[in-house]
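The values are calculated or read from the model by the stated rules, or taken from the named source; none is laboratory data. Values in this document were obtained by computation on a predicted structure and should not be read as measured data. As a convention, Cβ positions derive from the backbone with ideal geometry for all residues, glycine included, and neighbour counts pool all protein chains shown. Surface accessibility is based on the protein's heavy atoms, side chains included, excluding ligands, DNA and RNA. Shrake-Rupley method; radii C 1.70, N 1.55, O 1.52, S 1.80 Å.
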Amino acid sequence: GDSVTQTEGQVTVSESKSLIINCTYSATSIAYPNLFWYVRYPGEGLQLLLKVITAGQKGSSRGFEATYNKETTSFHLQKASVQESDSAVYYCALSGYGGSGNKLIFGTGTLLSVKP
Amino acid sequence: EAAVTQSPRSKVAVTGGKVTLSCHQTNNHDYMYWYRQDTGHGLRLIHYSYVADSTEKGDIPDGYKASRPSQENFSLILELASLSQTAVYFCASSDRINQDTQYFGPGTRLLVL
């Protein structure tokens, strides 16, 4: 089936250090999946951080980057220098027409804690 | 101003009781969704709606009903709440063209005892 895997439930990084949050996907019923990162700040709803619809392309927003790698079926989220305000839960997701319909399939989320 | 609001933000319910979760959006979106999140799971789709007075089943609809009385409002109803329905519930909205770009409410934390 179609699924998204985030292996780290929680990540702690010191301020100004680099970050990588891993995401891999399986899209057996979707020929051309779209890939997303959503973020949930404390007390707020999820909001779209970035979206990439073409394999090989990179998306970026607020200093975060993610590259759609079809060969490794990965969409890792990276940032060169995190800030305390980046503390939030990050969700990788995919969508696309196929057996699952045009709907979002989410990973379990990764809680990022940035230490001052 | 928050475009998707949910009420209540948290609730304690008794097993077998009726629970109604409400969602209101001011995005003028056609689509609205209800998800639940449990520890160790991603958000899972319960019900969705693409037009007022019509609802569709998502991936895990059993034990839930939905109601869309207007474009702005979408409710999730647990007629007989069970322990297994303890979770965080999220409402979201999207437009017709970009259904996968969704705008979420802050969530409702439901505890069934």
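Of note:
- Protein accessible surface hidden between B and A, which excludes ligands and nucleic acids, total in Å², probe 1.4 Å: 1500 Å²
- Here chain B is assigned +1 on the Cβ of each Lys and Arg and -1 on the Cβ of each Asp and Glu. Its dipole about the Cα centre then comes out at about 380 debye.
- Just so you know, the Cα atoms of the protein assembly as shown work out to an Rg and Dmax of 17.5, 51 Å.
- Carbon and sulfur %, accessible surface of the range B:16-83 computed with the full protein complex present, 1.4 Å: 47 percent
- Using equal-weight Cα scatterers in the Debye expression, the normalised intensity of the range B:56-113 in log10 at q = 0.30 Å⁻¹ is -1.42.
- Chain B - percent relative contact order, Cα under 8 Å, separation 6 or more: 36 percent
- Within the straight-line cut-off of under 30 Å between alpha carbons, the lysines reachable from B:K57 are A:K51, A:K103, B:K11, B:K18, B:K65, sequence neighbours fewer than 8 places apart in one chain being disregarded.
- The alpha-carbon atoms of chain B, seen along their principal axes, cover 39, 25, 25 angstrom, with the largest extent given first.
- Paramagnetic label zone (point 7 Å from Cα along Cα-to-C-beta, B:T5; backbone N under 17 Å) in the range B:83-100: B:91-93
- The modelled label-to-label distance for the pair B:V51/B:T39, using points 7 Å beyond Cα in the direction of Cβ, is 4.3 nm.
- In the complete set of protein chains, residue-level accessible area for B:D30 is approximately 40 Å², probe 1.4 angstrom.
- Taking every Cα-Cα distance in the range A:10-116 and sorting them into 5 Å bins from zero, the calculated P(r) comes out as 2, 13, 24, 24, 18, 11, 5, 2, 0 percent.
- The simple Förster model, with R0 at 30 Å and r as the Cβ-Cβ distance, assigns A:Q57 and B:S67 a FRET efficiency of 0.15.
- Listed by chain and number, the lysines placed with their C-alpha closer than 22 angstrom to that of A:K17 are A:K58, A:K79, A:K115; residues fewer than eight positions away on the same chain are left out.
- Simple point charges give the picture: +1 on the Cβ of Lys and Arg, -1 on the Cβ of Asp and Glu, and for the protein assembly as shown a dipole about the Cα centre of about 220 debye.
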